[in-house]
1. Which of the residues belonging to region 114-165 are over 25 Å from residue 51 (Cβ atoms) and within 16 Å of the chain's Cα centre (by Cα)?
2. Cβ-Cβ distance below 8 Å, separation of 6 or more or different chains: which pairs start in region 30-51 with a residue that is within 15 Å of residue 134 (Cα to Cα) and surrounded by fewer than 18 Cβ atoms within 10 Å (Cβ to Cβ) and end on one that is among the small types (Gly, Ala, Ser) and at pLDDT 75 or above?
3. Yes or no: residue 142 closer than 23 Å to residue 46 by Cα, β-branched (Val, Ile, Thr) and surrounded by 11 or more Cβ atoms within 10 Å (Cβ to Cβ)?
4. With the requirement that a residue be within 21 Å of the chain's Cα centre (by Cα), exposed (fewer than 11 other Cβ atoms within 10 Å of the Cβ) and over 18 Å from residue 109 (Cα atoms), what does region 56-97 give you?
5. Is at least one residue of region 142-164 free of Cβ contacts under 8 Å to residues at least 40 places away in the same chain, outside any loop (DSSP other than H, G, I, E, B) and under 23 Å from residue 35 (Cα atoms)?
6. Can you tell which of 108, 130 is within 27 Å of residue 41 (Cα to Cα), in contact (Cβ under 8 Å) with a residue 40 or more places away in the chain, surrounded by 10 or more Cβ atoms within 10 Å (Cβ to Cβ) and not acidic (Asp, Glu)?
7. Do we have any residue at all in region 97-116 that's closer than 30 Å to residue 152 by Cβ, in contact with a strand residue (DSSP E or B) (Cβ under 6 Å, 6 or more places away or on another chain) and of a type outside the set (A, V, I, L, M)?
8. Between a first residue in region 58-72 that is in contact (Cβ under 8 Å) with a residue 12 or more places away in the chain and closer than 22 Å to residue 48 by Cα and a second residue that is assigned to a loop (DSSP other than H, G, I, E, B) and of a type in the set (Asp, Glu), which pairs have beta carbons less than 7 Å apart while being 6 or more apart in sequence or on different chains?
Amino acid sequence: MAISLVSADGDPEPTGPGLSFGQFAKARVTLVPRLRAETTKSKRSARLPVHAQLLEALQAWRTAQPTVPTPEVLVFPSLPDMKAFRADLDAAGIPYKVQGRGKIDFHALRKTFGTLLATAGVPRRVRQAAMRHADPRLTETIYLDEDLLPLFEHVAAAPAIVDLG
């Protein structure tokens, strides 16, 4: 659960431990966590874009606790360190190192998040905001796996340059 929240968080410095249940606010029809300024890298408060599936899992987890946490209780009192993260990867059957791709760490989760947004057709500026990047180059270079972009499909969909008929 903490890993999922960090990957969707949009900040390389995990802010999950600073997020309390009371920071979830109604916005349109979904719950949107709000990060306090003191818990973010930029020192500005921010809305945290979280997928509805993760919010449902978080709510189910919360209600399954022996006592339902009050608003001031932190969602995650601490985040796993790399040792715990690697143990979770092992338990899930996911290798920590992938040949030709590198390590699976917190930044790899962020790169996956950015790439999923890009391949879903999310506009560049929206992806930048979702990841809470001040510089769009960070969103477009470091946190985007070009190997997973639908390059061939888009080139195939382009109109022909010369009529060979």
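1. Scanning region 114-165 gives no hits.
2. From residues that are within 15 Å of residue 134 (Cα to Cα) and surrounded by fewer than 18 Cβ atoms within 10 Å (Cβ to Cβ), the pairs are 42/134; 43/37; 44/37; 45/37.
3. Values: closer than 23 Å to residue 46 by Cα: yes; β-branched (Val, Ile, Thr): yes; surrounded by 11 or more Cβ atoms within 10 Å (Cβ to Cβ): yes.
Considered against the rule, which asks whether it is closer than 23 Å to residue 46 by Cα, β-branched (Val, Ile, Thr) and surrounded by 11 or more Cβ atoms within 10 Å (Cβ to Cβ), residue 142 comes out as yes.
4. 60, 77
5. No, region 142-164 has no match at all.
6. 130
7. Among the residues of region 97-116, at least one is closer than 30 Å to residue 152 by Cβ, in contact with a strand residue (DSSP E or B) (Cβ under 6 Å, 6 or more places away or on another chain) and of a type outside the set (A, V, I, L, M), which makes the answer yes.
8. none
The values are calculated or read from the model by the stated rules, or taken from the named source; none is laboratory data. Treat the numbers as computed from the prediction; the structure is a model and nothing was measured. All Cβ positions, even for glycine, are placed from backbone atoms using ideal geometry, and neighbour counts span all protein chains on display.
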